[in-house]
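Taking it in order: structure first as structure tokens, then the write-up.
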Amino acid sequence: MRPPSSVSRRAWLMGAGAVVAWASSPARALMAQMDGSAAASTDLNALIARMTVEEKAGQVTLMAAAWAGGAANALNPTSPSRASFRQQMDDVRRGHVGGVFNGNGAEMARQMQTMAVEKSRLKIPLIFAADVIHGFRTVFPMPLAEAGSFDPELAERTARIAAIEATAAGIDWNFAPMVDIARDQRWGRGIEGAGEDVLLSRIMADARVRGFQGHAGLAAPDAMAACAKHFAAYGAAEGGLDYNSVDVSERTLREVYFPPFQAALDAQAATIMASFNELSGVPATANHWLLSDVLRDEWHFDGLVVSDYTGDMELIAHGFAADAREATKLAFLAGVDMSMQSGFYMEHLPDLVKSGEVPMARLDQAVRRVLALKAKLGLFDDPFRRIDPSREKTLVRTPAHLEVARDAARRSIVLLKNEDDLLPLPRQGKTIALIGPFAQGQRDLVGPWNVYGTDADAIDLLTGMRAVAADPDAIVAVDGSGVDKPIRGGIEAAVAAAQAADIVVLAVGESQTMSGEAQSRTDIVIPAPQMALAGAVAATGKPMVVLLRHGRALALHGAVKDAQAILATWFLGSMSGMATADILFGLASPSARLPCSFPYESGQEPLYYAHKNTGRPNPPGPRVAYKAHYRDAPNAALYPFGHGLTYGEIVYSAIDMGTGRLSAGGELTVTATLRNSGRHEATEVAQLYVQDITASITRPVRELKAFQRVTIKPGESREVRFTIRREELLFLGQDMQPTVEPGKFRLWIAPSAQAEGVSDIFTLA
Ligand code: BGC
């Protein structure tokens, strides 16, 4: 080992424990005064000035944790560099890695951080990243489902708890929120985002960033830097096929796919992840326009841009870079500061800089962004501030966190249908046959993209229902079918159970491996063996409630579609079974709304409410000749965005827009009356939609502009009041500048994107 530079010599000579070495390390000395102000950049520059080009390349290199059994390797078996932990520790010692991700807990982090701050030449702390997509050990509903709560405070609360738990296990940086708009339900990654709508996605992006990062500054021990991903338009993959090409107009990027990223940045998201896909011929990972012109020059983002997993390496397969060296150069010069998992930056940047193909100034800029993030996270003050095995044990899965998980799950369940008020079910006096592959067992509960929570810790349906029902023995469970394979004798057993019961609860849908990354489907239906089961059970004539388990909107058919009651229960996380039982038995009333449209048929995808009119629009309903309508499916959603029933019965009336005129600098106040004429209290999500009827750029048939959750007692009425301003009507004109044109606008206050609710026309002066 070579003696380090003079500043760190003392620490090196001391040869003491990690913290002692750290306390007198060069990085610490230089950072001591660091407070995020102007002085900070001077300090960082001084540190950068001491770094070799290899150490710089190391800082911009992020690798999956190689800790034995580490989550990252299990998740990504195709990882190109599956170093042993010993090799990885050696890389840390040599300063060849700036951070690791998806590791395993505080003990791993402690060992690695000790190596970094005790044994590496400059003693720069590592940053620990992870995918904490919907909770850590306490698992919350998958983000798409949670978006259906239309409740940003809830999303912020669950993100905050995720941060409290994850930071206790040593995690500094979260690869979330995923803010990709998803309008094609064949794509499997819709589960990670907030669905098809721009406003809802913006609001959820904002809430989640605030939740992860907290309000006490990033240096707080329980703050976790957020990463808005995947930039950009990853959800617009052709054919809904994951990783596929994207070719959307700049207008669509700016009006649809960019706004959630802008919302995340407005909420101070510290980092952004480049997406895997190409955008009109240029992969996002090497897209200078996207990562530099738009992100830096227009939006003035000065945080860190990280590639996705081997995104730079994939430039070769895209046919955009000839080899690893060129891929490195293209990604780095386009604006990707830190490379995830390929190891390309470590391998090729030193040489690219030496040859002059990559300016040292660009390398210094990227290194500065990594160091600035570490500094903001407080790692230079105390590299161990989030590494505390005792906190890790006490702060996770607390009763309070699990109670929030239960509440969040209840608020994510959507009541799609409830004929003859079959729901809520009585808690006693009836026998129930709980049938289907999702009826019982520790599987398919937490959902995709959960690295740290497990099904084993989650509550299944049978357990939840038995806990909530007055008579647990009145519930019998029968699988009846596997997810995509029949069970011998399964249907017969299920039919017998149904015949012997008063009510059937049928739990069918998708397993958790059927959505998530690389899990696109061409036909988004419930697999045939389950449909056979549903048909046979329905034929008994017993009242039937369908509980869907799913990671996306599904095309519902046959006995499932025709069931008297249907609940969309997604993947709800740790408290899945309890929350579903609460809703089934009426301990809580459903209040969530669909964040994505359910089609009649898979072939309608992409399907979203905010589409444009054609020159030959077909009104919803039967097919009219030579109008935009499929031969074999309605031109509408079976269950549209925003749809969701309650146990009450809400009637919309009395829209009032005053003069109905909105002046340039003014506001328009709109009110409507919502009456609950049902027998149960209800929380309604009143949605305000607008259509700009004529404009120099055609506008969607409806756009969500606001929503409000209102709780209304049976027999009571509540007024909802919204205010519309001119800014909310802006769109990009033909010159791509924001504009709004005088004219007429239709406005609805309605219970879904397809419902009439109440509507009227106002004029913008
Ligand atoms: C995903 C990212 C994720 C990364 C690290 C990739 O495959 O696209 O969303 O953050 O892996 O786990």
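When the range 654-680 is filtered for residues that are small (Gly, Ala, Ser) and closer than 19 Å to Lys705 by Cα, the ones remaining, listed by number, are Gly658, Gly660, Ser663, Ala664, Gly665, Gly666, Ala672. Would you check if Ile459 is open to solvent by 50 Å² or more (accessible area, probe 1.4 Å) and either at pLDDT below 95 or more than 16 Å from the ligand (Cβ to nearest atom) (or both)? Criteria not met by Ile459.
Within 21 Å of Ala568 (Cβ to Cβ), within 16 Å of the ligand (Cβ to nearest atom) and either of a type in the set (A, V, I, L, M, F, W, C) or more than 24 Å from the chain's Cα centre (by Cα) (or both) - does that describe any residue in the range 428-451? Within the range 428-451, one or more residues are within 21 Å of Ala568 (Cβ to Cβ), within 16 Å of the ligand (Cβ to nearest atom) and either of a type in the set (A, V, I, L, M, F, W, C) or more than 24 Å from the chain's Cα centre (by Cα) (or both).
Please go through the range 131-164 and pick out each residue that is touching a strand residue (DSSP E or B) at 6+ places or on another chain (Cβ under 6 Å) and on the phi > 0 side of the Ramachandran plot.
Step one: of the range 131-164, the residues touching a strand residue (DSSP E or B) at 6+ places or on another chain (Cβ under 6 Å) are 132, 148, 150, 162.
Correct list: Phe150 only.
Could you tell me whether any residue of the range 169-186 is open to solvent by less than 10 Å² (accessible area, probe 1.4 Å), in a helix (DSSP H, G or I) and either within 16 Å of the ligand (Cβ to nearest atom) or not acidic (Asp, Glu) (or both)? No: the range 169-186 contains no residue that is open to solvent by less than 10 Å² (accessible area, probe 1.4 Å), in a helix (DSSP H, G or I) and either within 16 Å of the ligand (Cβ to nearest atom) or not acidic (Asp, Glu) (or both). Consider the range 671-695 and keep the residues that are among the polar types (S, T, N, Q) and over 29 Å from the mean Cα position of the chain (by Cα). The one that is nearest to Thr659 (Cα to Cα) is Thr671.
Identify all residues within the range 407-452 that are open to solvent by less than 20 Å² (accessible area, probe 1.4 Å) and farther than 27 Å from Ala497 by Cα; write none if there are none.
Restricting attention to the range 407-452, the residues satisfying the condition of being open to solvent by less than 20 Å² (accessible area, probe 1.4 Å) are 408-409, 412-416, 423, 425, 432-439, 444-448.
Ala408, Ala409, Ser412, Val446, Gly447, Pro448, listed by residue number.
Taking the criterion of being over 28 Å from the mean Cα position of the chain (by Cα) and among the hydroxyl-bearing types (Ser, Thr, Tyr), the residues of the range 696-739 that qualify are Ser696, Thr698, Ser717, Thr723, Thr739. Ile164 meets each of the listed conditions (1) open to solvent by less than 20 Å² (accessible area, probe 1.4 Å); (2) more than 16 Å from the ligand (Cβ to nearest atom) apart from (1). Within the range 371-405, restricting attention to residues that are β-branched (Val, Ile, Thr) and assigned to a loop (DSSP other than H, G, I, E, B), the residue that is surrounded by the most Cβ atoms within 10 Å (Cβ to Cβ) is Val396.
When Ala228, Ala205 are screened for being in a helix (DSSP H, G or I), closer than 22 Å to Gly516 by Cα and within 16 Å of the ligand (Cβ to nearest atom), only Ala205 passes. If you filter the range 43-93 down to residues that are at pLDDT 95 or above and among the charged types (D, E, K, R), you find that the one that is farthest from Phe344 (Cα to Cα) is Arg50. When Gly586, Gly573 are checked against the criterion of being open to solvent by 20 Å² or more (accessible area, probe 1.4 Å), modelled with pLDDT of 95 or more, at positive phi and more than 16 Å from the ligand (Cβ to nearest atom), a single residue qualifies: Gly586. Given the structure, is Ala317 within 16 Å of the ligand (Cβ to nearest atom), free of Cβ contacts under 8 Å to residues at least 24 places away in the same chain and of a type in the set (A, V, I, L, M, F, W, C)? Yes, satisfied. Being within 15 Å of the ligand (Cβ to nearest atom) and either surrounded by 24 or more Cβ atoms within 10 Å (Cβ to Cβ) or not hydrophobic (A, V, I, L, M, F, W, C) (or both) is not true of Asp197.
At positive phi, more than 16 Å from the ligand (Cβ to nearest atom) and in contact with a strand residue (DSSP E or B) (Cβ under 9 Å, 6 or more places away or on another chain): is that true of Gly105 in this structure? Yes; evaluated as a whole, the condition is true for this residue. Within the range 253-269, being within 15 Å of the ligand (Cβ to nearest atom) and either among the small types (Gly, Ala, Ser) or open to solvent by 10 Å² or more (accessible area, probe 1.4 Å) (or both) holds for Ala264, Ala269. Among the residues making up the range 214-250, those that are under 21 Å from Arg296 (Cβ atoms) and open to solvent by 10 Å² or more (accessible area, probe 1.4 Å) are Leu218, Glu250. Could you please find all residues in the range 316-340 being surrounded by 24 or more Cβ atoms within 10 Å (Cβ to Cβ) and at positive phi? Passing the criteria: only Gly335. Restricting the range 488-524 to residues that are without any contact (Cβ under 8 Å) to a residue 12 or more places away in the chain and not small (Gly, Ala, Ser), the residue that is least open to solvent (accessible area, probe 1.4 Å) is Glu492. Can you confirm whether Ser275 is open to solvent by less than 10 Å² (accessible area, probe 1.4 Å) and either modelled with pLDDT of 95 or more or closer than 16 Å to Glu196 by Cα (or both)? Considered against the rule, which asks whether it is open to solvent by less than 10 Å² (accessible area, probe 1.4 Å) and either modelled with pLDDT of 95 or more or closer than 16 Å to Glu196 by Cα (or both), Ser275 comes out as yes.
Quick one: in the range 137-165, which of the residues that are outside any helix (DSSP H, G or I) and of a type outside the set (S, T, N, Q) is nearest to Arg386 (Cα to Cα)?
Here is the first cut: in the range 137-165, the ones outside any helix (DSSP H, G or I) are 137-142, 148-151.
Next cut, of a type outside the set (S, T, N, Q) only: 137, 139-142, 148, 150-151.
Values: Arg137: 16, Val139: 20, Phe140: 22, Pro141: 25, Met142: 25, Gly148: 32, Phe150: 32, Asp151: 29 Å.
Restricting to residues being outside any helix (DSSP H, G or I) and of a type outside the set (S, T, N, Q), the top hit is Arg137.
Among the residues of the range 625-637, is any in contact with a Leu (Cβ under 7 Å, 6 or more places away or on another chain) and either over 22 Å from Gly757 (Cα atoms) or crowded, with 23+ Cβ neighbours inside 10 Å (or both)? Checked against the condition, which is being in contact with a Leu (Cβ under 7 Å, 6 or more places away or on another chain) and either over 22 Å from Gly757 (Cα atoms) or crowded, with 23+ Cβ neighbours inside 10 Å (or both), the range 625-637 yields at least one hit.
The values are calculated or read from the model by the stated rules, or taken from the named source; none is laboratory data. Predicted model only: the values in this text are computed from it and were never measured. Here the Cβ is made from the backbone with ideal geometry for all residues, glycine too, and neighbour counts use every protein chain on show. For accessibility, only protein heavy atoms count, side chains too; no ligands or nucleic acids. Shrake-Rupley method; radii C 1.70, N 1.55, O 1.52, S 1.80 Å.
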